[in-house]
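Structure, as structure tokens:
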Amino acid sequence: MAQTITQKIFARAANRKFVDVGESVWLNVDVLLTHDVCGPPTFDIFKQEFGPDAKVWNPEKVVVLPDHYIFTANEHAHRNIDLLRQFADEQSLPNYYDVGTDRYRGVCHVALAEEGFNIPGTVLFGTDSHTCTSGAFGMFGSGIGNTDAAFILGTGKLWEKVPESMKFTFEGRMPEYLTAKDLILQILGDIGTDGATYRAMEFDGEAVYSLSMDERMTLCNMAIEAGGMNGIIAVDAVTEAFVKARTTKPFEVFHSDPDASYHSMYRYNVEKLEPVVAQPHSPDNRATVRSVAGTPITKSYIGSCTGGKLTDFMLAAKILKGRKVAVTTNIVPATVLVASQLSTETYEGQTLRSIFEEAGCSIALPSCAACLGGPADTVGRSVDNDVVVSTTNRNFPGRMGSKFAGVYLASPLTAAASAVTGKLTDPRDFL
Amino acid sequence: MKLFIKLTHMESIIQGKAYVLGKNIDTDQIIPAEHLVYSLSNPEEVKMYGKYALSGVPLEQGGLPEGGIPFVSEGAHTSPYSIIIAGPNFGCGSSREHAPFSLKVAGARAIIAESYARIFYRNCVDGGFVIPYETSQQLNKLILTGDELSIDMKNNTITNLTQNVTYQLRPLGSVVDIVQAGGIFEYARKNDLMAKSQA
């Protein structure tokens, strides 16, 4: 029987040869990810249900990456970090990345890739909806709540319904003004914020395989904005090289069978697509940048798991080099590694850090920061009637702080071009 | 084997006042991220989740059709409304279990929406917080905030006692056993799954 790549990964994790779409199966979990917002309540439930002295099923497979509320004076946020530290200590968790030490990494989805936890063919669950980011590595990654995570902590297993798959094929050569963010916003505009609910979103086509791992992660990251259970891109030489440079663990590579069945198939020619934004207040409220060009903005924000990776900053630097920003522009590297790369990676002979500083941007410390608003003292948090152009992934009311603010989701190119003019601006005006 | 728990009459009826919302009510509107710092087990801190439940909904979009009605009044941490009526894609956005938790703390017992986002739906069921019913009708256009409602869990119907009209709800389907057990852990224990899954 023909299967999609997602079905094959489910079958492997359920010790089966074949799983059928729609059936619920118990999956053996390869990695459970949690962070400072959902870790403490997850650990509470774990102790309540399995007993105060219970041990997690496999300490090697639990990855704890605090990243949400790190650089804040909020006492409760600090208390939550203490709770992570305490649990990691009593359970002897080797993969805890403590705040305030040289083990701190930053935004969990990007750090998972950097640290070699993203391994093709495996099953990752995380207490964060953007856990689907890891699907860029030909693996299954999906978000869950605290109760499900506590169940995994105790048993190493979780039930999941085998999803139907939707296939999105991008053909053609990527033009220099187009990014993965434009591709996923294009899809969101077509299928809506519930267009993939309970389904797998499979990305394919020569344009997808021409993308860097950073860009593939952006594509998969926003599968959840369409309601998708997971986003997935099959492994190629680019994936293999990335993974092998970070882990020595063996892995299994799966591909969808040519005759696998899909809920639906979409085809795009990237040469015919344009830079787009998602207008307030929904990720599916798509418009071409040209059609809304000139809309005044008060802030530009370049950061997060979606838009704060090295590739995102290389793109922004192309436009910001030698120019000045007209509005407050926050540069928020996702991880400590990306932050250090700002000082070592160059564009036309100048480091990214110096390009951004000369342009007048503020460079923040790596964390989730204002992508989700956060405590009142969070860097880049929207206030009052701010109009923000942002490389983040979600723009429902209040997402970046103020519920009176409007957020335009955009590519790093569009966010940088708009920062320079103080108005929504198509990056082609500068390229 | 499906576990069948016989509901008593008392347990099979949920009665309360309606709070009506629109579509795509995401988890940031249900509980804004800045409040996620509070403990979900400390009884004093837990009250904050009731206080801020649905506080991210723009004021004019809360308590339809008129709008401008907060779910929880200023200074309170429980709501006079226990049944939420909404459009499609309720609970989209983040994975925060704090969302259905905050609705429960505020006093909500059931939600009736046209559809749900997957993680929110799982959290409602597996955590045993609120019962997520689906409807194929746009009930958020027919029911008014403040209407007295009665859900009959045995027959999968909802009666608007104020307007004297009954609507059919979609059966809970395969999750009914988890809902009746009160969550995934209770369900797993009753079905001996905890022992099996640890084996």
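Before moving on, here are some points about what is shown:
- A:ASN118 passes every criterion in (1) crowded, with 19+ Cβ neighbours inside 10 Å; (2) within 14 Å of another protein chain (Cβ to nearest Cβ); (3) assigned to a loop (DSSP other than H, G, I, E, B) apart from (2).
- Test: residue in region A:399-420 that is more than 14 Å from every other protein chain (Cβ to nearest Cβ), open to solvent by 10 Å² or more (accessible area, probe 1.4 Å) and under 27 Å from A:ARG216 (Cβ atoms): yes
- Within region A:151-267, strands (runs of 3 or more DSSP E) holding 3 or more residues that are more than 19 Å from the chain's Cα centre (by Cα): A:157-161, A:164-171
- From the options A:LEU424, A:LEU337, A:LEU352, residue that is of a type in the set (A, V, I, L, M) and under 17 Å from the mean Cα position of the chain (by Cα): A:LEU337
- Per the listing A:PRO52, A:PRO41, the residue uniquely under 25 Å from the mean Cα position of the chain (by Cα), of a type outside the set (Gly, Ala, Ser) and outside the structural domain of A:PRO366 (by TED's automatic domain parsing) is A:PRO41.
- Close pairs (7 angstrom Cβ cut-off, 6 or more residues apart or separate chains): among the polar types (S, T, N, Q) in region A:357-370, open to solvent by 50 Å² or more (accessible area, probe 1.4 Å) anywhere: A:SER367/A:PHE71
- When A:VAL62 is tested against (1) open to solvent by less than 10 Å² (accessible area, probe 1.4 Å); (2) of a type in the set (A, V, I, L, M, F, W, C); (3) over 27 Å from B:ASN42 (Cα atoms), only condition (3) is not met.
- Applying the criterion of being of a type in the set (Ser, Thr, Tyr) and assigned to a strand (DSSP E or B) to the residues of region A:326-375, the residue that is surrounded by the most Cβ atoms within 10 Å (Cβ to Cβ) is A:THR335.
- For region A:10-35, a tally of residues being polar (S, T, N, Q) and farther than 26 Å from A:ASN146 by Cβ returns 1.
- Residues within region A:9-28 that are surrounded by fewer than 22 Cβ atoms within 10 Å (Cβ to Cβ), farther than 14 Å from A:TYR262 by Cα and under 28 Å from the mean Cα position of the chain (by Cα), tallied: 8
- Residue match in region A:108-119 (condition: small (Gly, Ala, Ser), touching a residue at least 40 places away in the same chain (Cβ under 8 Å) and closer than 19 Å to A:GLY308 by Cβ): yes
- Counted residues, region A:123-149 - those being part of a helix (DSSP H, G or I), touching a residue at least 60 places away in the same chain (Cβ under 8 Å) and within 12 Å of another protein chain (Cβ to nearest Cβ): 7
- Residue match in region B:40-63 (condition: buried (at least 20 other Cβ atoms within 10 Å of the Cβ), more than 13 Å from chain A (Cβ to nearest Cβ) and under 23 Å from A:CYS371 (Cβ atoms)): yes
- Enumeration of residues in region A:89-115 that are outside any loop (DSSP other than H, G, I, E, B), away from chain B (no Cβ under 14 Å) and under 22 Å from A:ARG246 (Cβ atoms): A:TYR96, A:GLY106, A:VAL110, A:ALA111, A:LEU112, A:ALA113, A:GLU114
- Condition check for B:GLU34 on (1) out of contact with any helix residue (DSSP H, G or I) (no Cβ under 8 Å at 6 or more places or on another chain); (2) in contact (Cβ under 8 Å) with a residue 24 or more places away in the chain; (3) assigned to a helix (DSSP H, G or I): one failure, at (2).
- Scan of region A:421-431 for residues that are surrounded by 24 or more Cβ atoms within 10 Å (Cβ to Cβ) and either touching a Pro at 6+ places or on another chain (Cβ under 7 Å) or free of Cβ contacts under 8 Å to residues at least 40 places away in the same chain (or both), ordered by number: A:PRO427
- Selected residue (only one of B:SER82, B:SER94 is small (Gly, Ala, Ser), open to solvent by 10 Å² or more (accessible area, probe 1.4 Å) and within 13 Å of chain A (Cβ to nearest Cβ)): B:SER94
- Extreme residue, most open to solvent (accessible area, probe 1.4 Å), among residues of region A:69-78 that are in contact with a helix residue (DSSP H, G or I) (Cβ under 9 Å, 6 or more places away or on another chain) and more than 8 Å from chain B (Cβ to nearest Cβ): A:PHE71
The values are calculated or read from the model by the stated rules, or taken from the named source; none is laboratory data. These numbers were taken from a predicted model, which means no experiment stands behind them. Because the Cβ atoms are built from the backbone with ideal geometry, glycine has one as well, and the counts that use them run over all protein chains shown. Only protein heavy atoms, including side chains, enter the accessible area calculation; ligands, DNA and RNA are left aside. Shrake-Rupley method; radii C 1.70, N 1.55, O 1.52, S 1.80 Å.
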